[in-house]
């Protein structure tokens, strides 16, 4: 099965920053992998407290439970990097990386599987993925290596049995070739868009906030965001237009919205929502530092935007055209 990436993401490799390990989200572990971890603990290869996972009622049959967390909220098996000694690399990372849960194995990949193949984008909550947006390369859809080294089909939205979406008027079904052409054209347009948008729509931002899953929350937009946008974020937005275009392109490619919403229109709405969320998070970062938008603040805004859009917002609610 072919695998399609954005060229921006093609060389992705985990650099073990640990951001996903410290994100405080629940990490389910499958029974086969839990058994391997138990063996590693019993043999002394891994140290862990007695209750290193908890059983969650209603879990799928193949899941043993959810990994425990440290008081900091980090995964119980996350080891922070220590200082390098005498030129040696810093130690740290995942103590059970060889047997890590499948959700860890698949982060930060976001995949759609359809009759054309596996389509891959990344969650830019991962600092490595966010950093790749700043690399100087052309953004386009390309064929590349499988997501998983052993060639397994990754977890994702499986649309192999689905029909392609209807056209914008709902009059006819499109072909998968039409879908490919739409995605490629939208990626090209977004990656070349240097326009500075108007002040962010707080109504659209609230729409995204209202899609946050139960048990989680997201802060409101900064008060009177239009002023800080004009003073701190907008003047530098054009300087980072290529980076922002790559980020938005990642919402056009491998988009769940295509299958969960009304086809092309849902993808375009998701791109619009992502732009607004990025604007608000850029304003938040600038206000917090009382400074203009720079690479550090933009990187933080991109990471926060995908934490909200990819991980905390319900995708069905997000693309519901009735909202």
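The figures follow:
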quantity	calculated
Some residue of region 28-44 being buried (at least 16 other Cβ atoms within 10 Å of the Cβ) and part of a loop (DSSP other than H, G, I, E, B)	no
Residues of region 152-166 satisfying the condition of being within 19 Å of residue 268 (Cα to Cα) and in a loop (DSSP other than H, G, I, E, B)	164, 165
Count of region 309-323 residues which are touching a helix residue (DSSP H, G or I) at 6+ places or on another chain (Cβ under 8 Å) and surrounded by fewer than 22 Cβ atoms within 10 Å (Cβ to Cβ)	4
Flag if residue 51 is modelled with pLDDT under 95 and either in contact with a helix residue (DSSP H, G or I) (Cβ under 8 Å, 6 or more places away or on another chain) or loosely packed, with under 13 Cβ neighbours inside 10 Å (or both)	yes
Helices (runs of 4 or more DSSP H) (entirely within region 167-283) containing at least 1 residues that are exposed (fewer than 14 other Cβ atoms within 10 Å of the Cβ)	176-191, 202-209, 234-237
Unmet requirement for residue 305, which otherwise passes all of (1) over 18 Å from the mean Cα position of the chain (by Cα); (2) surrounded by 23 or more Cβ atoms within 10 Å (Cβ to Cβ)	(1)
First in region 260-276 and outside the structural domain of residue 314 (by TED's automatic domain parsing), second anywhere and assigned to a helix (DSSP H, G or I), Cβ under 9 Å, 6 or more apart	none
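The values are calculated or read from the model by the stated rules, or taken from the named source; none is laboratory data. These numbers were taken from a predicted model, which means no experiment stands behind them. In this analysis, Cβ positions are derived from the backbone assuming ideal geometry, glycine residues included, and neighbour counts consider all displayed protein chains.
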